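As structure tokens, the structure follows; a few thoughts come after it.
The values are calculated or read from the model by the stated rules, or taken from the named source; none is laboratory data. All values reported here derive from a predicted model rather than from experimental measurement. Cβ placement follows ideal geometry from the backbone for every residue including glycine, while neighbour counts extend to all protein chains displayed. Accessible surface is based on the protein model in full, side chains and every heavy atom, while ligands, DNA and RNA are left aside. Shrake-Rupley method; radii C 1.70, N 1.55, O 1.52, S 1.80 Å.
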Amino acid sequence: MASTVQTKTDLAFQRCIQPSCAATYDVGEVRTSCTACGGLLDVDYDWDAAAVPKSLASFEQKWSRRHEPLSLSGVWRFRELLPFAPADKVVTIGEGQTLLHVSDGVGRFVGLKPGGLFLQYEGLNPSGSFKDNGMTAAFTHAHTTGAKRAACASTGNTSASLALYCGVSKLMQAIIFIGSGKISYGKLSQALDYGALTIQIAGDFDDAMHRVRQVSDQQGIYLVNSVNPFRLEGQKTIMYRVLEGLRWQVPDWIVVPGGNLGNSSAFGKAFHELHELGLIDRLPRLAVINATGASTLYELFERRGLRWNAGRPDAAMVNNYYAELDDAGRRASTIASAIEINRPVNLTKCLRALEWLNGVVREVTDEQMLNAKAQIGASGLGCEPASAASVAGTKLLREEGVIAPGERVVCILTGHQLKDPTATVAYHTADQAEFNRVLGSRGVSRAAFANRAVQVENDLDAIVRAIQLNS
Ligand code: F0G
């Protein structure tokens, strides 16, 4: 697997993100950290040698070539901005056909002026979450290296995505590690149905992540978690599509839920690169939203002042915090199981993104998230609980005055509503015992926007009366 530190020779290469190290590795190497210093890696490019378009608008020419899989894909139609793989090795299943939707209903809820709130609906991806953007890229890289097995730890969406790419392409076997009882049935059912080897570990995501790294290292299995820098190259394209939806104008804010911090890291890199390449003339601000029950980034960044610090974030501060969590026996806990993570693997990369994009971090409660989710659902674009952190966080930032009423804000809806029907049904239920069991136990006291089913006798008059009473 890991080999010697090299100097770059090709258009694409891998590079340690620590500026004081900056070791480079060949694009064909399979690795998730730097041998020299243990840091995270970027995929980097010799942009002078790359065929970068002169303007973002020139990507519109791809729209007329939608019969070609690489132009249809919402990831690979931007391939000039992630030129690490030969076209004949790309594995695509039409990911990234997603929508930027202006929502005045949700805008009103968060306190923005009409036309100011946008939902980037990544639930439209083939496996129902944003993960497919990254998976097509990591899977493509895995394919170029000849991998036959690919693994991940997951709170459910990464595993569904990996299982799907393996199932469709038959190029690799998927081996997924999940915390027992920690993923929603929607996601578990996908992995099982698509035929992944599913390892349920007695533990949570943080445990599963630790183990999958050990196992894939030891067994030489290709790891597709977001420590894999190729994953994040694919996830950059979510931002390209946001810009496309805004006719290449940069919004004021990008708001995204934070779990393992892959998206936020990828978004930072996307905008930083576009700016360096002269393809945009200003940068948006970034807001990363944690759940209160899994708020490592919030705690470290906002309360303890952890910063990127030119590539030297205070490692002792991070280690002390993790030791505190262990001493207190505190595990991540939120209804938003997708982001139920206390040890985000991309922490330092995310700090860099927060630095580049003048970012902020907030935490929102499960109740705030579920109320926001109900408002998003009522707008027609249902999402899973974690996704709604972006809207709940925007509301909070508006109330604080950090976001101004007239600003243009893009919230990323990371996963589809059908991923986790249990939380949705419990929110809307008229059955108090069910509400208490699923949500009350997590500190949710009230469903402000519950849409309760009307119970009625199997009798025509009673049904008509119920409709008259409620419509
Ligand atoms: N939203 C959803 C729906 C997710 O599935 C995840 C992560 C996130 C947000 C957080 O994104 O990790 O880039 O900060 N899910 C991972 C998984 C951990 O295993 O599916 P992040």
In Å², what does the accessible area per residue of segment 1-122 work out to with a 1.4 Å probe?
45 Å²
Magnitude of the charge dipole, segment 299-433, Cβ model with Lys/Arg +1 and Asp/Glu -1, debye to 20:
480 debye
I need the shape label for segment 215-301. Rule: rounded when a/c is under 1.5, else prolate if a/b > b/c, else oblate, with a, b, c from the alpha carbon gyration tensor.
oblate
Computed label-point distance, nm, for sites Glu399 and Asn451 using a 7 Å Cα→Cβ extension:
2.4 nm
Please sort 159-167, 215-223 by packing, taking for each peptide the average over its residues of neighbouring beta carbons within 10 angstrom, highest first.
159-167, 215-223
At a 1.4 Å probe radius, carbon and sulfur cover how many percent of the accessible area of the chain?
49 percent
With the crude spin-label approximation of a point 7 Å out along Cα→Cβ, what separation in nm comes out for Ala310 versus Asp104?
5.0 nm
In the chain, what percentage of the DSSP-assigned beta bridges are antiparallel, given to the nearest 5?
35 percent
Relative to the compact-globule estimate 2.2 N^0.38 Å (N residues), the Cα gyration radius of segment 1-92 stands at a ratio of 1.26
Calculated on alpha-carbon atoms, Rg and Dmax of segment 248-384 in Å:
15.8, 49
Lone cysteines, the chain (no partner Cβ under 4.7 Å)
Cys152, Cys166, Cys350, Cys383, Cys411
Roughly how many nanometres apart are two label points built 7 Å out from the Cα toward the Cβ at Asp326 and Thr145?
2.8 nm
From the phi angles alone, apply the Karplus equation (6.51, -1.76, 1.60; θ = phi - 60°) to segment 452-457 and give each ³J(HN,Hα) in whole Hz, x where the residue is Gly or Pro.
7, 5, 8, 7, 8, 4
Sequence of Glu363, Glu233 when ordered by accessible area, the most exposed leading, probe 1.4 angstrom:
Glu363, Glu233
Quick one: putting +1 on the C-beta of Lys and Arg, -1 on the C-beta of Asp and Glu, what dipole do you get for the chain around its Cα centre, in Debye to the nearest 20?
320 debye
May I ask you to compute the full-extension gain from Met317 to Ser189, defined as 0.36 nm times their residue separation minus their alpha-carbon distance, rounded to one decimal in nm?
42.2 nm
Identify, among Gln200, Gly167, Ser184, the residue whose Cα sits farthest towards the positive end of the charge dipole of segment 141-233, taking +1 on the Cβ of Lys and Arg and -1 on the Cβ of Asp and Glu, with the dipole about the Cα centre.
Gly167
Relative contact order (percent, whole number), the chain, Cα cutoff 8 Å, 6+ residue spacing
16 percent
On the principal axes of its Cα set, how long, how wide and how thick is the chain? Give whole Å, largest value first.
77, 48, 46
Can you give the direction-averaged projected area of the convex hull of the alpha-carbon atoms in segment 1-155, in nm²?
12.7 nm²
Over all directions, the average projected area of the alpha-carbon convex hull for segment 136-271 comes to how many nm²?
8.7 nm²
Among Thr424, Asn458, Thr414, whose Cα lies farthest out toward the positive end of the dipole of segment 387-464, if unit charges sit on the beta carbon of Lys, Arg (+1) and Asp, Glu (-1)?
Thr414
Treating only Lys and Arg (+1) and Asp and Glu (-1) as charged, each at its beta carbon, one finds that segment 19-99 has a dipole about its Cα centre, in Debye to the nearest 20, of 360 debye
Sparsely packed GluC sites (Glu not before Pro) within segment 390-471, loop by DSSP, other Cβ within 10 Å at most 15
Glu457
Computed from the beta carbon distance with a Förster radius of 56 Å, FRET efficiency for Cys37 and Arg65 to the nearest 0.05 stands at 0.85
Counting only DSSP beta bridges fully inside segment 79-233, the antiparallel percentage to nearest 5 is 25 percent
Give me Rg over Rh for segment 312-410, both radii from the alpha carbons and Rh done the Kirkwood way, two decimal places.
1.01
